[in-house]
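The numbers here are math on the coordinates, done by the rules we state, and not lab data. Predicted model only: the values in this text are computed from it and were never measured. All Cβ positions, even for glycine, are placed from backbone atoms using ideal geometry, and neighbour counts span all protein chains on display.
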Amino acid sequence: MPTAPAPVLPAFARADAASLPLHALTPAQIADWLAGPGAEWAGWLAASGFEAGLGEVRLLPGDSGLAGAVVGLGPDSARQRVRFGLAKAVAALPAGDWHLAGDLPEKERREAALGWLLAGYRFDRYRPAKEPTRLPRLKCPEGVDAETLLAMAEAEFLTRDLINTPANDMGPAELQAAFEALAARFGARTEAIVGDDLLARNFPMIHAVGRASARAPRLLDMRWGNTGPQLTLVGKGVCFDSGGLDIKPSAGMLLMKKDMGGAATVMGLALMIMRLGLPVRLRVLVPAVENSISGPAMRPRDILTSRKGLTVEVNNTDAEGRLILADALTLACEEPEALVISMATLTGAARVAVGPDLAPFYADDEGLAAAIEQGARDGFDPVWRMPFWAPYEPMIEPGIADLDNAPSGGFAGSVTAALFLRRFVSTPRYVHFDIYGHNPADAPGRPKGGVGQGARALLHALPQMLDL
Ligand code: BES
Ligand code: MN
Ligand code: ZN
C-alpha cells in the first residue's frame, strides 16, 4: 500500500531575512503612491496599464535587479477578498522573500498572509514535481499572529489532502491511520471500535452501512485536553459512497471519494484547536465506512435499530450518512454537557440550495448561530443558516418504524436530513453543517478539488460559543 508522502507544511519567511517589499494598493491609492514613494515607477506602471485590480501584479525594476512589486487590492468593494487577491498574486511573484508594505488594516494584513499561505497548497502525491517548486515566501506581517495563521493553513492542507486522496488509498483503515497520526502529534488519546460483533452490538447503523465493504467499518474516537468546556466534533467519514444497492449513476458517483469531507473538516478544526492549545476538552468522533455493494449490504426497506433504540426504515441505501452519524451523535450526547457539532457531506440538496461556496448550517440556539455567523465574517469563511423546520418532522416518519432515512417527495432534502440527525441529539447545544467540501473550479488559493468549509468560521466562533 503506498504511504502518503510527508505533507509540505506552510511557512513564513524568517523575520531577519532580506526581503523585497510588496506594495498593496487600491485603485484609489495609486495616484498618491506614485506621487510619493512610488515616483520612480510612475512611468512604468502607467505604460503597463496597472490599475490595481484585485491580485494584479507588476514587478518593480531596481538599479541592480528587482526592487519589489505592487499588487492591486481592487476597489474598496472588493477588499473583503484581499485573501484571494494575494493568493492570486503569489503565482506572479518570483521565488524569494517578501514583506507587505503599505498601510493595510490589521484584518486585511491577516487575510493577505493567509491567502499567501493557502496559495502554497499542492496535491502532488500521484505526480510529484520533478524539482521542488520554489515558492515566494512572505514574512508574517506586523501585528498578525503567525502561529494562528500557520495552524489555519496546515489544517486546510490536511483537510484538502484527505479529501483529494482517492478512495483506493483512503479507506476506513487509512482514514484511521490519518486520525491516529493527528492525535499522536498532539498527545491525544484515541480508540477505534472495529469488528463485526462489537460494532453490530454498539453502533448497529454504522455496522449496517459499512459491513458490505471488504474494508471494515469502524468508529474513531479521539480525546484531547483535560480541562475546560467539552466540545465534541462529529464528522461523516464515508470513504466512498457508491450509493449501496440503490447505486448511484456514474455522474453522481464520480466525486464520492469526497464523502469523508466532514471527517476531513473536523480533523482540520481539531488540528487548529490542538495546535493553538485552546482551553477545551475536545472529542472527535468519526464513523468511517465505505458504502458498498455485496451480499451483506443493507437493503431498501430494511428496518434498523439504532444505538439510541429508535428504529429506522431504510428507504434509500444512498442516504447512509445520516445513519452512521445518528449512532455517533447518540454516543456524543451520552456526555450531557457537551457542545456537539457535526459536519457532513450529507445531501445533494444542500449543494442545490446554496452551491459550493457557502457552508449551510443548522442550530436551534440563537446564541450559537449568531456566534457562527460572526465567526464566518471574522474569518471570511462564509456560512448560511438553515432552519430545523419542525413542521417537516412528519416527513421523516414512515409509519412502520420511528424514522425514515429517505423521505419521498423531494422536499427540503437538507432540512429533513438535519431533522433526522436532531432526533438522535439530546442537547439544545447542537450545530450541524451540511457541507460540499469540494471546489469545482480552480480559484486563487483554492485549487479545484477538496476544500475545507466552516472550520475557520468555527475556530473564530469558539470563544463566544464556549465562553472561553
Ligand atoms: N454523499 C451523498 C450526498 C452528496 C451528494 C453530497 C452529492 C454532495 C454531493 C449522500 O450520501 C447522499 O447520497 N444523499 C442522498 C440522500 C437521498 C437518497 C435521500 C441525496 O442527497 O441525494
Ligand atoms: Mn449516499
Ligand atoms: Zn454519502
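Worth a mention:
- For PRO132, neighbours were defined as the other residues whose beta-carbon sits under 11 Å from its Cβ, and their charges (Lys and Arg +1, Asp and Glu -1) total +1.
- Annotation for region 228-274 versus region 318-345: alpha-carbon center distance of 12 Å.
- Cβ-based net charge around HIS432, under 13 Å, with every Lys or Arg adding one and every Asp or Glu removing one: +3
- Cα centroid of region 427-468 to Cα centroid of region 104-134, whole Å: 19
- Taking 26 Å as the limit for the C-alpha separation, the pairs LYS107/LYS130; LYS258/LYS308; LYS130/LYS248; LYS88/LYS257; LYS139/LYS236; LYS248/LYS448 exceed it in the case of LYS107/LYS130; LYS258/LYS308; LYS130/LYS248; LYS88/LYS257; LYS139/LYS236.
- Convex hull volume of the C-alpha atoms in the chain, normalised per residue: 153 Å³.
- Inter-label distance for ALA67 and LEU254, nm, one decimal - labels placed 7 Å from Cα along Cα-to-Cβ: 5.0
- In Hz, Karplus ³J(HN,Hα) per residue of region 293-303 (6.51, -1.76, 1.60; θ = phi - 60°; x = Gly, Pro): 10, 6, x, x, 4, 5, 10, x, 6, 4, 10
- Amide N proximity, region 135-162 versus ASP16 label position 7 Å along Cα-to-Cβ, cut-off under 20 Å: 137-143, 146-147
- Region 116-179: C-alpha gyration tensor shape, a/c 1.5 cut-off, then a/b vs b/c: oblate
- Gain in span if fully extended, PHE186 to GLU131, counting 0.36 nm per residue against the direct Cα distance: 16.6 nm
- Cα-derived Rg to Rh of region 323-371, Kirkwood definition: 1.02
- Within the chain, the longest run free of chymotrypsin sites (Phe, Trp or Tyr not before Pro) that sit in a DSSP loop with at most 13 other Cβ atoms within 10 Å is 127-410.
- 222 nm mean residue ellipticity, helices alone, for the chain (DSSP H n ≥ 4; -39,500 (n - 2.57); rounded to 500): -9500 deg cm²/dmol
- Note on ALA200 and ALA39: the model spin-label points, each 7 Å out from Cα along the C-beta direction, lie 8.5 nm apart.
- When the Cα positions of PRO21, ALA46, ALA89 are compared along the charge dipole of region 20-144, ALA89 comes out farthest toward the positive end, with charges on each C-beta of Lys, Arg, Asp and Glu.
- For the chain, the longest principal axis of the Cα atoms and the long axis of helix 413-422 meet at an angle of about 70 degrees.
- One decimal place: the segment ALA6-GLU393 gains 134.7 nm when fully extended, by the rule 0.36 nm per residue minus the C-alpha distance.
- Share antiparallel - DSSP beta bridges, region 148-465, percent rounded to 5: 45
- Tensor-based shape of region 1-131 (alpha-carbon gyration tensor, a/c under 1.5 rounded, otherwise prolate or oblate): prolate
- Sparsely packed loop sites in region 299-377 (the trypsin sites (Lys or Arg not before Pro) outside DSSP H, G, I, E and B with at most 15 other Cβ atoms within 10 Å) comprise ARG301.
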